[in-house]
Amino acid sequence: MRPTFASSPAPRVVFLNPGEATERGTGQHWQLVSRFMRVAAKIFGMQLEVLYAERDHLLMVRQAKEVAERIDAPDYVVIVNEKMVADHMLKALARSPAKVLLIHNDLTPGQRREIGNEREGIRNWIGTVTANAAQAGERLMQYLYQRVSPRGAQVIGITGDPNTPVSLERAQGVETFLSRVPDAHACQLVFGDWSYADSAQKARVLLARYPEANVIWAANDAMALGALSAVEERHAHVLVGGMGALPEALLSVANGGLAAMVAGDYFMGAWAMVLLYDYHHGRDFAASGDVRLKLDFLRVVHREIAAQYYDTVFTHGESLNFALYSKYLHPDSGPYDFALQRILNAIPALS
Amino acid sequence: MMHFSPRHALYSLSLHTKLMLALAVLVALVAGSSAYVVAEHERERRLSALEQRAARIADLLSHSLAQPLWNIDRTAIDEQLTALAPNPEVVEYAVTATNYGTISTVKGPHPYDSNDNVVWVRPIEYTPPGDAPREKIGEVRVVLTRAVAEQSITAARRAILWTVAIIVAALYLVTFVLLKRMVSGPINRLEEMVDRIAGGDLLARCVVESGDELGRLAIRVNSMAERLRQSTTSLRENERKYRSIVENALEGIFLLDRCGRLTEANPAMAHLLGYPNPAALIAAGAVASYRHPFAPEQTAELFEVLRARGEIVGVELRLTRLDGVPIWVELNARGVDVDGDYAPLLEGLMTDVTARKRVVENLRQHRDQLEREVAERKRTEAELLTSRERLRQLSAHLEAIREEERKRIAMEIHDDLGQLLTALKMDVSLLRMHLADDSAALHKANGMRELVEKTIEIVRSVASHLRPAALNFGLASALEWLAQDFTRYTQIPCHFHLEGPEPRLSDASATAIFRIAQESLTNVARHAHATRVDVTLCHHEQGVELTIRDDGRGFDVAAARDGYSYGLLGMAERARLIDANLRFESATKAGCVIRLSVGATSIATSY
């Protein structure tokens, strides 16, 4: 069921996407975020303008300034704390009448100490939405652990760069699970640069360093695939899992290469559109939780459901109905529930 | 044909050239070896520095790569290795992971040459957070080449060599000029002056040009020339003096060789042998085939004595004068060495001792006569001594006989005459009982009895004086009796003291001591005018001592002896017979002490 809208002018949203407009080797993640945002915008009748920073955070700050200086300012600006420049962008946008929503990467405590929290120092910064990466890490490790039971898990972790909070959060979730289970042990956690080649190199050395390891997890698709290539080189009996669930990784899962991927990160833009839609219509998300939302929606996609997930999300992605999550359209009193199950209801066992 | 050996060539070089040659060799040796040592040291230092650098780099990388290797950050590892790679010495840096293999290799500018490399391998260890142990996660291999160091060493060696060569050349040049100016010139001038002095020009003097060794040498040469001049003058003066002494000497002075030839003689020598002058004497010797003035046997004997003793002292020889008169001479001589040949010449002094010889002969005759007389006198003295000893023995014998006789007479008087008189006294007493009282006969009888008693008294006294009976009871008793008797007869108090135990003496000794005491007391009574006499007999370990001490007018002991006092002589003789020592101590108006000491040995032997 599609919502029907009043005759009021459609709210205009600008998304300052840190990624590339077309895929040039850093993965499809940011394109997918824009893609599902557009799907949502279409559903909610909102105007979405996406400005790609092409992985250039300085360009991104300039884009924020440009948006802030627009005479015909948008209603909402969605930004990302990529390379820790969100505080500059927030300061730039503070001059604008547009409301700002921060997604995906939260401000660091240091940044918050400097500029304050939402709706405080910078009044038009209305909220922050992030995924619960720790929970995702914990879920992935739980799945991989079950797969290697009863042998116990000897785990090698390859996470992203230590300056990006999400890479630490994902690792933290893994640690939390491993500390709970007596026969699981973390051999080593290394920091990578999110790339395939680096991960492959690290995995090769780590597999030599820890011949007893039977599980590798990686903090994104490229690194998971890189680690998998190292495992295959050595013909090692090691399960490889990761976070991201981009098409290539999903295909690998489906083909029995990767053991599992944690999926859903790229829906963050769509969730932002849901919240802005509700906010625009007087239903402030702060009333259903907090101005800072840490959403637990990421789920493990394993071999059994990989093909189906792929089909639903990537082949027929335009038909995903994000209106299900709007509290303006579907009023209820509880907090927002962005469970993937609700839009992927064709998939039987999304864990 | 001229022949130059290297040694001869070296010998004939000038001092300047020799010094320069020595300096050149020395400096070349020192500089060469120093340069070699410095270059070697430099080489060692650089190679050691290279080793240290390699070790430092390896250490540094092993620390700094721990974290990147732990996290397998190849980029970081590559960056670190690349940062250190541009050094021209670097051949290669390689990082390997444990169980894996090489992770990163960075080649340096220098191509790989396995022969000349310094290779350091260090483990890379990681300390995980918490209390986990250190873990070796890989190794870093640092390969540096020695070639660069060797190149710079070669360059340094060349630089050192050139520097040393330039310094040596400069040093040589400077020394050459300095030596030429400061040594060779002055030495040549000195040489010239010394030649002049050697040529007899004792007034020639060197010019002192500096205060260094050459200047001092010039001063010394001048001083030597001056001393030479002085000593030549003094030598001449001395020669003149000694010649005069020889010429004017009263002794004959001569020089004689082994063949008997006189080579030198002074006028006194010629005069001694009756020649007008030394030349005549020497000529006469030559004419007599050197058998004059010394006969060949005399010459041989003199050289023999000289050989045996090293000198000839006081040898007397009989020579013959020119006029045939024999003379005696006393000769003192020493050998004179000529060219190391021991004593080919005899240098002698000769004195005419003919007159002395005659006097000595006379003296010897007198001495012989005196010796004969002395022998005669000694014989006579010995006879006299024997005679005196016999007289003393006789005297002692006579004394013994006399004492024995006295003893016998005293006993007979005492025993026989005493008994008869006692019997007579008893008879008179019996007779008186038969006489009427108050009769003339009774009175007569009483008179008789008194006479008899007086006679008995006299007999006893005579006997006692001949030989006191007390002497039979020991010397102490006899002396005690003598003191009492002296007191009684002279009214001079005489006290006898005995100190120590009573001595046990032979009869002869006791009698002699008693008689000496008796004679002493007689002298006191006759001459002393004493008011008290003390007789002390002292017996101790050393022997017996009798002391008679009076407080009379004393006497001159020496005068009394010289005056042949028979009393004193008798006492002395008695003392001598018993080996006793008799001493008189007296002075005018100071009393007299007579001490008689008999030694313990004399007492013992006299038993």
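Numbers below:
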item: Residue within segment B:583-606 that is in contact (Cβ under 8 Å) with a residue 60 or more places away in the chain, in contact with a helix residue (DSSP H, G or I) (Cβ under 7 Å, 6 or more places away or on another chain), polar (S, T, N, Q) and not in a strand (DSSP E or B) present; result: yes
item: Failed item in (1) within 14 Å of another protein chain (Cβ to nearest Cβ); (2) assigned to a strand (DSSP E or B), with A:Glu175 passing the rest; result: (2)
item: Within segment B:108-124, considering residues that are at pLDDT 90 or above and surrounded by fewer than 17 Cβ atoms within 10 Å (Cβ to Cβ), the one nearest to the other protein chains (Cβ to nearest Cβ); result: B:Pro123
item: Residue in segment B:74-104 that is farthest from the other protein chains (Cβ to nearest Cβ), counting only those that are of a type in the set (D, E, K, R) and in contact with a strand residue (DSSP E or B) (Cβ under 8 Å, 6 or more places away or on another chain); result: B:Glu89
item: Only one of B:Gly314, B:Gly274 that is at positive phi, among the small types (Gly, Ala, Ser), at pLDDT 85 or above and loosely packed, with under 15 Cβ neighbours inside 10 Å; result: B:Gly314
item: Yes/no for A:Val155 being away from chain B (no Cβ under 14 Å), at pLDDT 95 or above and over 19 Å from A:Glu82 (Cβ atoms); result: yes
item: Single condition A:Asp221 does not satisfy, out of (1) of a type in the set (Asp, Glu); (2) away from chain B (no Cβ under 13 Å); (3) more than 18 Å from A:Gly160 (Cα to Cα); result: (3)
item: Enumeration of residues in segment B:39-73 that are more than 22 Å from A:Leu189 (Cα to Cα) and either surrounded by 17 or more Cβ atoms within 10 Å (Cβ to Cβ) or within 14 Å of chain A (Cβ to nearest Cβ) (or both); result: B:Ala39, B:Arg43, B:Arg46, B:Leu50, B:Arg53, B:Ala54, B:Ile57, B:Ala58, B:Leu61
item: Segment B:488-523, residues that are over 19 Å from B:Arg467 (Cβ atoms), part of a helix (DSSP H, G or I) and touching a residue at least 40 places away in the same chain (Cβ under 8 Å); result: B:Asn523
item: Index of the failed condition, A:Trp125 passing every other in (1) surrounded by fewer than 19 Cβ atoms within 10 Å (Cβ to Cβ); (2) under 27 Å from A:Met46 (Cβ atoms); (3) over 20 Å from the mean Cα position of the chain (by Cα); result: (1)
item: Qualifying positions in segment B:331-359 - over 17 Å from B:Gly260 (Cα atoms) and modelled with pLDDT of 90 or more; result: B:Val359
item: Segment B:174-232, residues that are free of Cβ contacts under 8 Å to residues at least 12 places away in the same chain and over 55 Å from the mean Cα position of the chain (by Cα); result: B:Val174, B:Val177, B:Leu178, B:Arg181, B:Gly185, B:Asn188, B:Glu192
item: Residue match in segment A:180-191 (condition: within 13 Å of chain B (Cβ to nearest Cβ), among the small types (Gly, Ala, Ser), part of a helix (DSSP H, G or I) and touching a Gly at 6+ places or on another chain (Cβ under 9 Å)); result: no
item: Meets criteria (surrounded by fewer than 21 Cβ atoms within 10 Å (Cβ to Cβ) and of a type in the set (A, V, I, L, M)) for A:Ala53; result: no
item: Test result for A:Leu295, over 23 Å from A:Gly173 (Cα atoms) and either charged (D, E, K, R) or surrounded by fewer than 23 Cβ atoms within 10 Å (Cβ to Cβ) (or both); result: no
item: Subset of segment A:192-242 [β-branched (Val, Ile, Thr) and outside any strand (DSSP E or B)]; result: A:Val205, A:Val231, A:Val238
item: Residue within segment B:370-393 that is touching a residue at least 24 places away in the same chain (Cβ under 8 Å), over 30 Å from B:Ile578 (Cα atoms) and surrounded by 13 or more Cβ atoms within 10 Å (Cβ to Cβ) present; result: no
item: Residue under evaluation A:Ala64, criteria (1) out of contact with any His (no Cβ under 8 Å at 6 or more places or on another chain); (2) of a type outside the set (Ser, Thr, Tyr); (3) in a helix (DSSP H, G or I), criterion not met; result: (1)
item: All positions within segment B:546-568 that are among the aliphatic types (A, V, I, L, M) and outside any helix (DSSP H, G or I); result: B:Leu546, B:Ile548
item: Those residues of segment A:163-172 which are part of a loop (DSSP other than H, G, I, E, B) and within 14 Å of chain B (Cβ to nearest Cβ), in sequence order; result: A:Asn163
item: Given (1) within 14 Å of chain B (Cβ to nearest Cβ); (2) touching a residue at least 12 places away in the same chain (Cβ under 8 Å), index of the condition A:Val205 fails; result: (2)
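For (1) closer than 30 Å to B:Val90 by Cβ; (2) not β-branched (Val, Ile, Thr), each residue gets a yes or a no:
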{"position": "B:Val148", "(1), (2)": "yes, no"}
{"position": "B:Pro186", "(1), (2)": "no, yes"}
{"position": "B:Arg189", "(1), (2)": "no, yes"}
{"position": "B:Arg196", "(1), (2)": "no, yes"}
{"position": "B:Ser210", "(1), (2)": "no, yes"}
{"position": "B:Glu213", "(1), (2)": "no, yes"}
{"position": "B:Ile219", "(1), (2)": "no, no"}
{"position": "B:Asn222", "(1), (2)": "no, yes"}
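Here's the yes/no breakdown for (1) assigned to a helix (DSSP H, G or I); (2) charged (D, E, K, R); (3) without any contact (Cβ under 8 Å) to a residue 40 or more places away in the chain; (4) closer than 30 Å to B:Arg576 by Cα:
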{"residue": "B:Ser395", "(1), (2), (3), (4)": "yes, no, no, yes"}
{"residue": "B:Ala410", "(1), (2), (3), (4)": "yes, no, no, yes"}
{"residue": "B:Leu417", "(1), (2), (3), (4)": "yes, no, no, no"}
{"residue": "B:Thr422", "(1), (2), (3), (4)": "yes, no, yes, no"}
{"residue": "B:Lys425", "(1), (2), (3), (4)": "yes, yes, yes, no"}
{"residue": "B:Arg432", "(1), (2), (3), (4)": "yes, yes, yes, no"}
{"residue": "B:Leu451", "(1), (2), (3), (4)": "yes, no, yes, no"}
{"residue": "B:Ile456", "(1), (2), (3), (4)": "yes, no, yes, no"}
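Matching residues to (1) within 29 Å of A:Thr128 (Cα to Cα); (2) free of Cβ contacts under 8 Å to residues at least 12 places away in the same chain; (3) part of a helix (DSSP H, G or I):
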| site | (1), (2), (3) |
| --- | --- |
| A:Leu258 | no, no, no |
| A:Met268 | yes, no, yes |
| A:Ala287 | yes, yes, yes |
| A:Lys294 | yes, no, no |
| A:Ala306 | no, no, yes |
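The values are calculated or read from the model by the stated rules, or taken from the named source; none is laboratory data. Nothing here was measured: the structure is a model prediction, and the numbers come from that model. A quick note on method: Cβ atoms are made from the backbone with ideal geometry, for glycine too, and the neighbour counts reach across all protein chains shown.
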